[in-house]
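Okay, so here's the structure we're looking at.
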Amino acid sequence: MTTSSLQGRVVLITGAARGIGLATAEAFAAAGATVTIGDIDGDLSKSSAAALAARSSAKVIGLRVDVTDRESFAAFFAEAEALVGAADILINNAGIMPTGYFVDESPELTDRQIDINVRGVTNGSHLAATRFVNRGKGHIVNIASVAAITAEPGLATYTGTKHFVLGFTDALRRELHPHGVGVTVVLPGFINTELSEGTVVPRWAHALACREPEDVAAGIVAAVRADSSRATIPASLGILIKTMSLLPARARHAVQHALHFDTTMTGADPEQRAAYHRRISGTDH
Ligand SMILES: NC(=O)c1ccc[n+]([C@@H]2O[C@H](COP(=O)([O-])OP(=O)(O)OC[C@H]3O[C@@H](n4cnc5c(N)ncnc54)[C@H](O)[C@@H]3O)[C@@H](O)[C@H]2O)c1
């Protein structure tokens, strides 16, 4: 976007019934934008939107969308635009992060991560890009993860999907920027939502690596205003990862091991992960 004002801008956010997406909806609403929350949990989408509308002066609507399904995503766009006007910003935020060893992961869960984290992002980006290029303006934000620049055990498929989102989004920015369309990739660290529940960050790393959804939301708003290509949140974790990447892999892994920073996912408490894993397996909605 060429302007830093978000007043009256129409923002669509996927996976925004809870977590980072909902905090981002709140931040854009506070900046004067009109917000459409989309989520596969249609009831929660509507109730989250109604609650946000009640505590802000912004217009907020909640719709059901399954980002893996092109028709559902197209219908979401069309319905939102009919209700609140042409979209200015799309935030592809919906994502899932099951933890555990790949050898134990079901093929269905592997496919589901690829469908949501990869196809969801390409589906949304294509729908937005065609509109935004025609109008010569707009902004696409794709939520990746620091997993896009690392490779931790216990997170193989998710890591692959987020590496895709980073590479895809960087290339997309170079394609769309000449048409006046902004594209940003966001790399959150360890954020306090249901998705990361039960993962284990060593105490020494908390201040460096852990943040609240509101911190990511503020980072996304700032990145859109500034038309940044990339935002790592917290920035301190990005610096730590960059510094560590200067070491040869064997030395890096030895340092991580000594600092108990290589078991954040493999050491996750299965009981604390159980409710999340049930939800993302599709049995809870
Ligand atoms: N929480 C973290 O530590 C963290 C770190 C890095 C990146 N991220 C990324 O941030 C994004 C948001 O994560 P979160 O922590 O808020 O998770 P969350 O589980 O709190 O929220 C994700 C939302 O996405 C929705 N969703 C799932 N499948 C969907 C589908 N097919 N269509 C539409 N909506 C769907 C869920 O119903 C849920 O409301 C994800 O892409 C995640 O990978 C999170």
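The values are calculated or read from the model by the stated rules, or taken from the named source; none is laboratory data. The structure presented is a predicted model; accordingly, all values stated were derived computationally and were not measured. Every residue, glycine among them, receives a Cβ derived from its backbone with ideal geometry; neighbour counts consider all protein chains shown.
Restricted to segment 42-70, and to residues there that are of a type in the set (G, A, S) and either within 11 Å of the ligand (Cβ to nearest atom) or not in a helix (DSSP H, G or I) (or both), the residue that is modelled with the lowest pLDDT is S57.
Within segment 59-83, being within 21 Å of the chain's Cα centre (by Cα) and over 30 Å from T110 (Cα atoms) holds for V60, I61, A80. Within segment 95-108, does at least one residue satisfy the condition of being within 24 Å of V60 (Cβ to Cβ) and not aliphatic (A, V, I, L, M)? Checked segment 95-108: at least one residue is within 24 Å of V60 (Cβ to Cβ) and not aliphatic (A, V, I, L, M).
Considering only residues in segment 140-151 that are outside any helix (DSSP H, G or I) and touching a Phe, Trp or Tyr at 6+ places or on another chain (Cβ under 9 Å), the one that is nearest to the ligand (Cβ to nearest atom) turns out to be S145. Being in a loop (DSSP other than H, G, I, E, B) and farther than 22 Å from D170 by Cβ, is that true of even one residue in segment 222-240? Checking segment 222-240: not a single residue is in a loop (DSSP other than H, G, I, E, B) and farther than 22 Å from D170 by Cβ. The number of residues in segment 9-22 that are crowded, with 23+ Cβ neighbours inside 10 Å and within 13 Å of the ligand (Cβ to nearest atom) comes to 9. Considering (1) surrounded by 14 or more Cβ atoms within 10 Å (Cβ to Cβ); (2) more than 23 Å from G154 (Cα to Cα), the lone condition that L187 does not fulfil carries the number (2). Would you check if there is a residue in segment 159-167 being surrounded by fewer than 23 Cβ atoms within 10 Å (Cβ to Cβ), within 13 Å of the ligand (Cβ to nearest atom) and charged (D, E, K, R)? Checked against the condition, which is being surrounded by fewer than 23 Cβ atoms within 10 Å (Cβ to Cβ), within 13 Å of the ligand (Cβ to nearest atom) and charged (D, E, K, R), segment 159-167 yields no hits at all.
Just for segment 197-218: of the residues that are within 13 Å of the chain's Cα centre (by Cα) and within 9 Å of the ligand (Cβ to nearest atom), which one is nearest to L240 (Cα to Cα)? Once the filter is applied, the top-ranked residue is V216.
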